[in-house]
Amino acid sequence: MTQVPALSYSSYRTYLECPLRWKFLYIDKLPEAPRGYFTFGRVVHSVLEALVRPMVLPSARRVGEAESQRTLDEWHAPSGPAPTTWMTTEELLALYDRSWLSDGYASPEEENRYRALGRELLLRYHDLLLREQPHPVAVEEHLEARWDGIPIHGYVDRIDRTPAGGLEVVDYKTSRDLSNEDARDSDQLSLYQVLVESNYSEPVEKLTLYHLRSLTPLRTAPRERGALLTLHDRLGTVTDGIRSDAFEPNPGRQCSRCDFQSRCPEFRTVPVADGERLRDLVDRFEALRAEEHRLESDLRRTAEELHRAAEELGVHRVPGSRSVAIRRKEVAWQYSLDRVRPLLERSGVSDRVAGGTTEEVRRLVRDPAVDPEVRRRVAETGARRVKWYWDLEKENGA
Ligand code: SF4
């Protein structure tokens, strides 16, 4: 039984993607190879932290913190610490140069591209900060909480004070594309909301993914309780899995960027002694699969040609040399659930299509226990579908 560590957003997401990879990272603590885009993100985040930190004003009151903690009231007081001035662009660029790391880039050209992009992002963002003059109350703050029994933690990029006295949680993103849906559906922002609400007494008013490449803040309202409960359930599933040592590999697209393929049973190599025998089997399987596809399409074309000829002649039985081909039809009624559901809801029998399948509607239409008027109205929404197919029968005596 594994003791469950506090879950960060990335730990939670890693477990959902692949429990075995989670184990390699968080239990075995195996290192991963550096990747340029991660290095880039880290450098930009660290420079933004240094840029904003001097401007952090006394933080909002925390729940249960010691008295030495500064409070929002102090923030209002004229005796509160005066903010320093923002870094100049020259200071910013010098800091960026000092902070730059070359780890993980595929080539010097790629590194140069990222480096130029970082300069551009930071300069534009610096300009925006000077114009907007936000009121940060925390930057790169590590927050921990126990959320109804589940330990969670995270580094929140920035927490701003809103004009109404609440808090805005800001997460910087250096990724290429980002949409309003990303902000609305972000489990990361939901987790940060819980962390901030657990540590601050001021309400969270906004959740923001800050898309640095376009200088676009993608803002959403804080999550409702129902959405948070859904996330809590998923975190519970993850903690249950960790506690019960459920570390199965989950192969998928994530494998292409996983550094642990050499340790993963999904990628175990065939022993040399068995290589030739298995290679022959794979080659045969591949050839048969190709033949199967060819035969399938040949069969379909022949049946269609036979069907057209039988239609023209108005026949259903066509003798061959050894067998008779018999044309049969299958009739089924299709229903649009979008049209059927309102009818059933009005009649109080919508539970009859709870599974959302056409078969349920067909059963309801045939069921004498259902009001005949309801059945008639549902039946009227149906469309008759005819499917032809061929059977083979041996000729008598063959
Ligand atoms: S290679 Fe794929 S299945 Fe194996 S640990 Fe990595 S992500 Fe999981």
Do you know which residues across the stretch 128-152 are in contact with a helix residue (DSSP H, G or I) (Cβ under 7 Å, 6 or more places away or on another chain) and not aromatic (F, W, Y)?
P136, V139, E140, L143, A145, D148, I150, I152
Failed condition for V315, given (1) more than 16 Å from the ligand (Cβ to nearest atom); (2) in contact with an Asp or Glu (Cβ under 7 Å, 6 or more places away or on another chain)
(2)
Counting only residues that are in contact (Cβ under 8 Å) with a residue 40 or more places away in the chain and either touching a Gly at 6+ places or on another chain (Cβ under 7 Å) or within 15 Å of A6 (Cα to Cα) (or both), the stretch 112-145 contains a total of 4
Which residue pairs have Cβ atoms under 6 Å apart, sit 6 or more places apart or on different chains, and have a first residue in the stretch 263-288 that is without any contact (Cβ under 8 Å) to a residue 12 or more places away in the chain and a second that is within 16 Å of the ligand (Cβ to nearest atom) and among the polar types (S, T, N, Q)?
none
I need a count of the residues in the stretch 248-288 that are assigned to a loop (DSSP other than H, G, I, E, B) and either open to solvent by 90 Å² or more (accessible area, probe 1.4 Å) or within 9 Å of the ligand (Cβ to nearest atom) (or both).
11
Please pick out the residue among E393, E360 that is without any contact (Cβ under 8 Å) to a residue 12 or more places away in the chain and not aliphatic (A, V, I, L, M).
E360
Given the conditions (1) at pLDDT 95 or above; (2) more than 24 Å from the chain's Cα centre (by Cα); (3) open to solvent by 80 Å² or more (accessible area, probe 1.4 Å), every one holds for Y155 apart from (2)
For the stretch 357-398, which positions are hydroxyl-bearing (S, T, Y) and over 30 Å from L343 (Cβ atoms)?
Y389
Mind telling me which of the residues L235, L215, L229, L209 ends up being over 17 Å from Y15 (Cα atoms), of a type in the set (A, V, I, L, M) and surrounded by 15 or more Cβ atoms within 10 Å (Cβ to Cβ)?
L209
Condition set touching a residue at least 12 places away in the same chain (Cβ under 8 Å), of a type in the set (G, A, S) and in contact with a helix residue (DSSP H, G or I) (Cβ under 9 Å, 6 or more places away or on another chain), scope the stretch 5-28, selection nearest to P249 (Cα to Cα): answer is S11
Among the candidates L195, L178, single out the residue that is open to solvent by 20 Å² or more (accessible area, probe 1.4 Å) and under 21 Å from R42 (Cβ atoms).
L178
Condition check for D240: more than 14 Å from the ligand (Cβ to nearest atom) and touching a residue at least 40 places away in the same chain (Cβ under 8 Å)
no
If a residue must be part of a loop (DSSP other than H, G, I, E, B) and under 32 Å from the mean Cα position of the chain (by Cα), how many such residues does the stretch 331-366 contain?
5
Against the condition under 30 Å from G36 (Cα atoms) and at pLDDT below 95, how does Q261 come out, does it pass?
no
Matching entry among R70, R35, R61, R53 (being modelled with pLDDT under 95 and within 16 Å of the ligand (Cβ to nearest atom))
R35
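The values are calculated or read from the model by the stated rules, or taken from the named source; none is laboratory data. This one's a predicted model, so the numbers in the text were calculated from it and none came from an experiment. Virtual Cβ from ideal backbone geometry, glycine too; neighbours counted across all protein chains shown. Protein only, heavy atoms only, side chains kept; ligands, DNA and RNA dropped before computing areas. Shrake-Rupley method; radii C 1.70, N 1.55, O 1.52, S 1.80 Å.
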